[in-house]
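For reference, the structure is listed below as structure tokens.
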Amino acid sequence: MTFTFAARLPERGFDVALEVPAGRTLALLGPNGAGKSTLLATAAGLLRPPEARILLDGRALTVTDTGAWVPPHARGVGLLAQEPRLFPHLTVLDNVAFGPRSAGASRATARVRAMDWLAEVGLTDLAGRRPGSLSGGQAQRVAIARALAAEPRLVLLDEPLAALDVDVAPTLRHLLHRVLTGRTAVVATHDVLDALLLADDVAVLDGGRIVEHGPTRDVLSRPRSAFAARIAGLNLVTGTWERGALRTAGGEYVQGLPGEPSPAVRPVGTGGPSDAVAGPVDGTAAVAVFRPAAVAVHTTPPAAGSPRNTFVRTVRVLEPHGDLVRVRCDDLAADITPAATTDLALTPGTTVHLTIKAAETHLYPTT
Ligand SMILES: Nc1ncnc2c1ncn2[C@@H]1O[C@H](COP(=O)(O)OP(=O)(O)OP(=O)(O)O)[C@@H](O)[C@H]1O
């Protein structure tokens, strides 16, 4: 379901054109007021811009040239907001069944599909409850089930994890990753981890315009816009999971903190078997993430000390980064003081040993 979007809303200074290929997830990153919600609302049919050409798999949803317009409920588009917005008087099951019902399914079909989706999000046990008795994380799971039970051809998510406690967000992020895989989706977020773990591609919006668009890893590790550089610019080392660490293709072992809660610390009793997200098994694709400011640069091998990851690289570029100097070394970057740069006599071509404490390295499975 390829999603083609182009719209101009001059009164909001919004002018965006982009395409999401079938089965891919696009993250929209950008500061407040950048236009993320405007894009989602326009795609969902909640806003009618004066100029737009919005197609889903070739079907015209909003095309101002021809006057084509499909109302929100008939678009095949599912919108998941920051707040779950459940119907308080309906049970969890009926809330989820509302999704397929509103997409035209019979009552019986809607209930069967709702039960399937409750199992998928690990909440079968809570089918008879009312939303008032659910935790924030459980309510958002119900909202995810309701959105997807309608079998939308395009899923739009507006800051889906922003209202959740930090200890609940990782499990929900994992769930979203699972249910979004293979679907065409757009997720607006402030959180670089959402982009990293949920999205194939990233578009950075600023002032109603796209200032960057590309594969997630490229945008997050080599940001070109000021906003992306501020929130991203992260070091990303890919590899596979092996005995609790990450092993790179070159044979380097990277130790770190697991970015997802392990099964042992995950809350129990919130549902069926699918609630227990399996911990990464050896061989799973994974990424290690750490900030350039957490990287120390040495020109000789550092003495052994606290658990640290070491990478031997060559300095390629030195560039100013705020009050610091960003030392770009092949695929990695370190932010150090100008004084340290001088003391180490760093120039392009210098071989360096980069160290990062394991405690400042986060490991995430990516499949
Ligand atoms: N209801 C509205 N009427 C008119 N202008 C609006 C309305 N809502 C937003 N805008 C304007 O449209 C522009 C884009 O805002 P939008 O809410 O889409 O940004 P956003 O990226 O979603 O920001 P946030 O992260 O704060 O939600 C801003 O200039 C904003 O002031």
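The values are calculated or read from the model by the stated rules, or taken from the named source; none is laboratory data. Every value quoted in this text rests on a predicted model; they were computed, and no experiment measured them. For neighbour counting, all protein chains shown are included, and Cβ atoms are generated from backbone atoms with ideal geometry for every residue, glycine included.
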| List the pairs whose first member sits in region 242-259 and is closer than 13 Å to Gly283 by Cα, whose second member is assigned to a loop (DSSP other than H, G, I, E, B), and whose Cβ atoms are under 7 Å apart, counting only residues at least 6 apart or on separate chains? | Glu242/Asp282; Arg243/Asp282; Ala245/Gln255
| field | Qualifying residue in region 228-249 (condition: within 16 Å of the ligand (Cβ to nearest atom) and farther than 26 Å from Arg8 by Cβ) | value | yes
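Hey, any hits in region 93-105 for a residue that's in a helix (DSSP H, G or I) and within 19 Å of Val187 (Cβ to Cβ)? Can you show your working first?
Initially, region 93-105 is screened for residues in a helix (DSSP H, G or I), giving 93-102.
Now drop any that are not within 19 Å of Val187 (Cβ to Cβ), which leaves 99.
Yes; the residues of region 93-105 include at least one that is in a helix (DSSP H, G or I) and within 19 Å of Val187 (Cβ to Cβ).
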| field | Failed condition for Pro84, given (1) away from the ligand (no atom under 13 Å from the Cβ); (2) not in a loop (DSSP other than H, G, I, E, B) | value | (2)
| said: If I ask for residues that are surrounded by fewer than 20 Cβ atoms within 10 Å (Cβ to Cβ), of a type in the set (Gly, Ala, Ser) and closer than 20 Å to Ile231 by Cβ, which ones from region 282-341 would you list? | reply: Ala293, Ala294, Gly322
| Hey, any hits in region 195-217 for a residue that's in a helix (DSSP H, G or I), without any contact (Cβ under 8 Å) to a residue 60 or more places away in the chain and either outside the structural domain of Pro152 (by the TED database) or not aliphatic (A, V, I, L, M) (or both)? | yes
